[in-house]
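Single-structure report; data block below.
The values are calculated or read from the model by the stated rules, or taken from the named source; none is laboratory data. Given the structure is predicted, the values throughout are model-derived calculations rather than measurements. Here the Cβ positions follow ideal geometry from the backbone for every residue, glycine too, while neighbour counts run over all protein chains shown.
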Amino acid sequence: MKFTVADLLDHLSLDSPVETGVLAKILKLSNTSEKQDLELAIDSLLKLGIIEKASEDGLLRSSNESLLDARLRCSSKGFCFAIRDDGGDDVYIRDHQLNHAWNGDRVMVRITREGGRRRSPEGGVQCILERSTRSLLAQVERQDEQMLAAPLDDRMLTTIMLPEQASAHLSGDPPENVVEVSIDRYPVAQHPAEGHVVRPLPLNGGPTADRDLLLTKAGLQHRAAPPRGSGKAPATKGRIDLTEQPSLLLTSWEAPEAPALPAVHVEAREGGARIWIHSPSVAERIGLGNSLDLWLRERGEALCLGELWQPLLTPNLNKMVCFKEGEIKEAVTVRLDVNAEGEISDWQFMLSTIRPRATVNALQLKALSERKPRARTVPAALKPIKDHLSQLETLVFSAGSLCSRERKDGSVQLDLQPPSLSSLGDLRWADPSGLRHRWVDEMDPTDPQSLLQPLLRAANKAWDNHRDDLGLPGISVQAGEADASVLTDVAKTAIALELPLELDEEGSPSAEELISVFNGSDHRRVLEQQLSHSLPQPMFEAVGEKRDSEQQTDKSRPAGCAPWCCAAQHYAHLVNQQVIVALLQEGKDRPTVRQKKRLDLGKKGCGEELAWSLFTSSQEEKLLNLIGDRLIQKLNVRLRQSLELEKDLLSMVQARCAQPLVGKQSTGRISGVQSYGFFVEVGESRVEGLVHVSSLNDDWYEYRSRQNRLVGRKSRRVYQLGDSVQVRVIKVDVLRNQIDLEAIATPIVEQEKEEGTPEPLPVTFTVD
């Protein structure tokens, strides 16, 4: 079919009927076969109760509350849950209720059993709205004279039938290649899935081959070619000339395809600072709804592949918007007034032209941090920017005060930067967009983009408040509450490690309370790693209505929840920037043309004086149509894909670094403990491997979950979180990112048993 069921449903509402003929035009169905497919889909959805007839030819979406639109997520152990887009409880789907749905598919789920206090609701897949997997990585196997593709992703709980010709790609031992398999037919009734081998992919072909493997695994190897055209020219009318301002470019990324980043200028003021943030004006060059805009919408965001990027923008467009020293460029600018406590007291949005004066790199920031106060000499690394040192010092101070303010407001800040491996390329550095992690990165004064992060979060916060004041639509980034059970487990681990923490009857401590206890501890990193598992992934949401007074005072809301500064990196940022540009260019700044006094629509508090409509009805409809549920779903899918890709890339680089360590002894630190063994971080790459409990031959070890440790029954040897251990690397599976380790036991120093210490009770457990 030319369309998916999701496409069909996305154009139906609960209250406004749509005729079949109109629906065919919207879906751009021209020939008879396509229209017959539409009629067949409609008949099936009517029988399932997913849509309803409002008239003879008018169709509505069903208002049945037991039907939920969700995304299927499965585990390698066969447990599947439907993840709701509205943030409601996940729905457990038993294997016989999957209806041939695969991991990642968008599905319509019917609730069959309501959830309880400690039980998730249960349901069954009624309809597959959209398939997420069109090709996958697999190994070719022969079973009962039939060629099969066994997916490498163990969350794909299926196999795919292949033609006999696939025997040329049978996996060896050890395998040298895997294959990309394209799905020709999805499973229907008793008929299994069928596919064909597209190409073999080498397992040891170097960094380029590794990137190809990961892109294929993520389903991002084939991206549509850009449309013709180079975009529109930005408007010259109404721009503020800031070319005399000595703005700075802060960047750590080295790849030439890296997205264009904002420029900044900071002025010290009594009791604080005035910060200017200039974002490359991408929105002005993009026409809403044209072919270029739709192409960017499908791409979603730029993908960092370590030493290379798959950019969001076309090369020509990225060149046009990218800031360079000495070049005059158009920008979307916000001016922020920040006091010494990091609070934003005033702001103003505007369209501007700027001319950056200098670029600041990590080497220069390191020299600045090491420079002695009141030193008369300027280090060689700082001489190219010697005229901007005062501004740079003010910038570092302002970034620090903003971070302190965020901590006071309850933001979760963790120091979990990836290892400094050259093969990671641009992934080594902070992501200014703030979408890489579920937490806020602790500020690193030697990383230019780490300094940029709190400034951009402040700019995002200002726009979120300004957008809300004027009742404008947009996209926000929201994250749910931390998992209370995980927080409790982390707290118990901290107590077992004798950190100054107490649990009361009121429940789990907050993430902020735990972090304050971790500071200064030798176990800080492993505890913060464990804590990070409690934090839900950030998700995009459509916003448009004004918040009430209770919502405005809610401190749990994330500070930077309306991102717009990195429009060359994320389409969500671009959408919000388009709304800003529309406000500044098309918004009515006075009730009638006869009114001489104009309202500055970019200034803080202007909504209090606004007593007329900002836009015409056609302009308002255009903005409202800019953001829909379908777009939000696409952006969230793309965000999950990019985060998984980044995680897989880091794991593969770490596994490659571990290959030379096979057979060698290394010192590591225990990063996790389970009943089946413990995980250890090894080497400079901090690669994580597993010491399985079955390899611990010196004793019988019992798992104590409360203390997060394994204890030998006879020897009383303890393996617990944060301990330093000697291990030997036994096996490295780069393909699955699995590292097998063997613990090297050290002699136990006999200690006198404390009086009154009881003998351990016999405990058994099942080895996974």
Notebook entry, point to check: W295: within 22 Å of Q449 (Cβ to Cβ) and hydrophobic (A, V, I, L, M, F, W, C), yes or no?
Noted result: no
Notebook entry, point to check: From the list E270, E194, E164, E180, which one is over 24 Å from the mean Cα position of the chain (by Cα), exposed (fewer than 12 other Cβ atoms within 10 Å of the Cβ), of a type outside the set (S, T, N, Q) and modelled with pLDDT of 90 or more?
Noted result: E164
Next item on the list: Considering only region 592-608, state which residues are more than 22 Å from R239 (Cβ to Cβ) and surrounded by 10 or more Cβ atoms within 10 Å (Cβ to Cβ).
Entry: Q595, G605, G607
Check: Within region 208-255, can you find the residues that are among the basic types (K, R), assigned to a loop (DSSP other than H, G, I, E, B) and under 29 Å from L452 (Cα atoms)?
Finding: K232, R239
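Is at least one residue of region 361-368 assigned by TED's automatic domain parsing to the domain that holds E267, in contact (Cβ under 8 Å) with a residue 12 or more places away in the chain and of a type in the set (G, A, S)?
yes
Quick one: would you say G172 is surrounded by fewer than 17 Cβ atoms within 10 Å (Cβ to Cβ), under 27 Å from C657 (Cα atoms) and not basic (K, R)?
Yes.
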Checklist line | Candidates A375, A367 - the one that is farther than 28 Å from G602 by Cα, part of a loop (DSSP other than H, G, I, E, B) and not charged (D, E, K, R) | finding: A375
Check: What residue, of V140, V197, V179, V125, is β-branched (V, I, T), part of a strand (DSSP E or B) and farther than 24 Å from V734 by Cα?
Finding: V125
Next item on the list: Please indicate, with yes or no, whether at least one residue in region 457-466 is assigned to a loop (DSSP other than H, G, I, E, B) and touching a Leu at 6+ places or on another chain (Cβ under 6 Å).
Entry: no
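Of I385, I344, which residue is crowded, with 17+ Cβ neighbours inside 10 Å and touching a Leu at 6+ places or on another chain (Cβ under 6 Å)?
From the options I385, I344, the qualifying one is I344.
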Note to self: Of the residues S666, S671, S613, S618, only one is closer than 30 Å to L336 by Cβ and not assigned by TED's automatic domain parsing to the domain that holds R467; which?
What the structure shows: S613
Margin query: Take the conditions within 26 Å of T333 (Cβ to Cβ) and either part of a helix (DSSP H, G or I) or among the polar types (S, T, N, Q) (or both) and apply them to Q641. Does it pass?
Written below: no
Checklist line | Selection count, region 691-702, where residues are modelled with pLDDT of 90 or more and surrounded by fewer than 19 Cβ atoms within 10 Å (Cβ to Cβ) | finding: 6
Note to self: Return the residues of region 63-97 that are of a type in the set (K, R) and modelled with pLDDT under 90; say none if nothing qualifies.
What the structure shows: K77, R84
Note to self: Condition (residue is surrounded by fewer than 20 Cβ atoms within 10 Å (Cβ to Cβ), within 14 Å of the chain's Cα centre (by Cα) and under 15 Å from V734 (Cβ atoms)) applied to region 648-667: is it met by at least one residue?
What the structure shows: yes
Item checked: Which numbered condition S167 fails, given (1) touching a Pro at 6+ places or on another chain (Cβ under 7 Å); (2) over 21 Å from W102 (Cβ atoms) -> (1)
Check: Does any residue of region 87-107 turn out to be within 24 Å of H11 (Cβ to Cβ), surrounded by 15 or more Cβ atoms within 10 Å (Cβ to Cβ) and among the β-branched types (V, I, T)?
Finding: yes
Checklist line | Sole residue being touching a strand residue (DSSP E or B) at 6+ places or on another chain (Cβ under 7 Å) and not basic (K, R), chosen from L635, L650 | finding: L635
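Of the residues G434, G471, which is assigned by TED's automatic domain parsing to the domain that holds R638, surrounded by fewer than 20 Cβ atoms within 10 Å (Cβ to Cβ) and touching a residue at least 40 places away in the same chain (Cβ under 8 Å)?
G471
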Note to self: Scan region 223-239 and tell me whether some residue there is under 30 Å from S281 (Cα atoms), outside the structural domain of A150 (by TED's automatic domain parsing), within 23 Å of the chain's Cα centre (by Cα) and not hydrophobic (A, V, I, L, M, F, W, C).
What the structure shows: yes
Margin query: Against the condition under 14 Å from G342 (Cα atoms) and touching a residue at least 60 places away in the same chain (Cβ under 8 Å), how does L402 come out, does it pass?
Written below: yes
Next item on the list: May I ask you to list the residues in region 616-633 that are crowded, with 17+ Cβ neighbours inside 10 Å and either in a helix (DSSP H, G or I) or without any contact (Cβ under 8 Å) to a residue 40 or more places away in the chain (or both)?
Entry: L623, L626, L631, I632, Q633
Check: Inside region 45-103, can you point out the residues that are in contact with a strand residue (DSSP E or B) (Cβ under 8 Å, 6 or more places away or on another chain), without any contact (Cβ under 8 Å) to a residue 60 or more places away in the chain, farther than 20 Å from V5 by Cβ and not in a loop (DSSP other than H, G, I, E, B)?
Finding: F81, Y92
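Can you find, within region 316-335, the residue that is surrounded by the fewest Cβ atoms within 10 Å (Cβ to Cβ) among those that are touching a helix residue (DSSP H, G or I) at 6+ places or on another chain (Cβ under 8 Å) and not basic (K, R)?
Applying the filter and picking the extreme gives M320.
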Notebook entry, point to check: Could we say that D154 is part of a loop (DSSP other than H, G, I, E, B), touching a residue at least 60 places away in the same chain (Cβ under 8 Å) and either surrounded by 14 or more Cβ atoms within 10 Å (Cβ to Cβ) or in contact with a His (Cβ under 6 Å, 6 or more places away or on another chain) (or both) here?
Noted result: yes
Margin query: Quick test of your reading of the structure: L395 fulfils all but one of (1) in contact with a helix residue (DSSP H, G or I) (Cβ under 7 Å, 6 or more places away or on another chain); (2) within 22 Å of H570 (Cβ to Cβ). Name the failing condition by number.
Written below: (2)
